[in-house]
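Reading through the structure tokens given below for one structure.
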Amino acid sequence: MTVSPESSGSPSARDAAELTAAEPAAGDLSGFEVLVGVCGGIAVYKVCSVVSQLVQRGAGVTCVMTKAATRFVKPLTFEALSGRKVLTSLWKPQFSYDPQHIKLTNSADVFLVAPATANMIGKMACGLADDTLSTLLISVDCPVLVAPAMNDRMWENKVVADNVARLRELGYHFIGPAEGWLACRSVGRGRLEEPEAIIKKVADMLAERCKSATERGKA
Ligand SMILES: Cc1cc2nc3c(=O)[nH]c(=O)nc-3n(C[C@H](O)[C@H](O)[C@H](O)COP(=O)(O)O)c2cc1C
């Protein structure tokens, strides 16, 4: 949403611009289901905006939070933004009495992991499934987009780099991390990619999935 220089000074024009920006955009993601796996990193607050904007664009969004993630932001925030229950435990049936990790992954079109911690990337690379999110991640058969965020030294750590390389090799998609100001008050590579870029990548992956399904249907 852009506001022309002439109109940006007037409060009524500014209010109108804010209102328009908050309205659902074209609704071009309706019909798609996005799973969002939220890990325990300081960048969780940016993922709130990603979830909100995906919902505004019409996507059905279900969030799954690790225990560490819930120390940064309460599940309530993601529940309010997505309009759905947030999964935090495999053992509490929050959706139905079917095994939730299977039920949820059946309907997902894209699985976004953001912020992806060094810990979760390590678990994914080793096929570990010791909590809700990691169990969902090895049950899913849709494309997975990983948006890492961590301190620059963590990102450059050889083990983390090997884990990322392995996941890339296996076909996981990555976005970021970007370079810039880090929460540890230094500058380097490790920032979560900006919400707009993450949303664009999710939308591109959904479009690609749609295209492949259509092509499969024609074959
Ligand atoms: C204030 C704070 C900020 C943190 N930020 C990050 C981060 O940005 N990236 C990361 O990989 N770990 C970060 N951690 C460490 C993770 O929270 C920790 O490794 C945790 O076990 C991750 O659990 P999860 O992968 O299950 O969410 C942070 C920890 C604290 C206390």
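Read the figures in this text as sums done on the coordinates, not as results from a lab. Since this is a predicted model, take the numbers as computed values, not measurements. With ideal geometry, Cβ positions are generated from the backbone for all residues, glycine too; neighbour counts draw on all protein chains shown.
Annotations for the structure displayed:
- Count of Lys pairs (Cα-Cα under 20 Å; at least 8 positions apart or interchain) in the stretch 27-218: 15
- Neighbourhood net charge (14 Å Cβ-Cβ; Lys/Arg +1, Asp/Glu -1) for residue 85: +3
- The mean sequence separation of alpha-carbon pairs under 8 Å and at least six residues apart, normalised by the residue count of the stretch 27-218, gives a relative contact order of 21 percent.
- In a reduced charge model with +1 at each Lys and Arg Cβ and -1 at each Asp and Glu Cβ, the stretch 27-218 shows a dipole moment near 300 debye about its Cα centre.
- With one equal scatterer per alpha carbon and no solvent term, the Debye-computed log10 I(q)/I(0) for the stretch 27-218 at 0.16 1/Å reads -0.99.
- Residues of the stretch 123-145 with amide N under 18 Å of a point placed 7 Å along Cα→Cβ from residue 211: 143-145
- A crude spin-label estimate for the pair residue 184 and residue 89, with each label 7 Å from Cα along the Cβ direction, gives 3.4 nm.
- Positive-pole candidate from 120, 210, 183, dipole of the stretch 27-218, charges at beta carbon: 183
- Expressed as a fraction of 2.2 N^0.38 Å, the value expected for a compact globular protein of N residues, the C-alpha radius of gyration of the stretch 39-93 is 1.07.
- Per-residue Cβ neighbour rank within 10 angstrom, fewest leading, 70, 214: 214, 70
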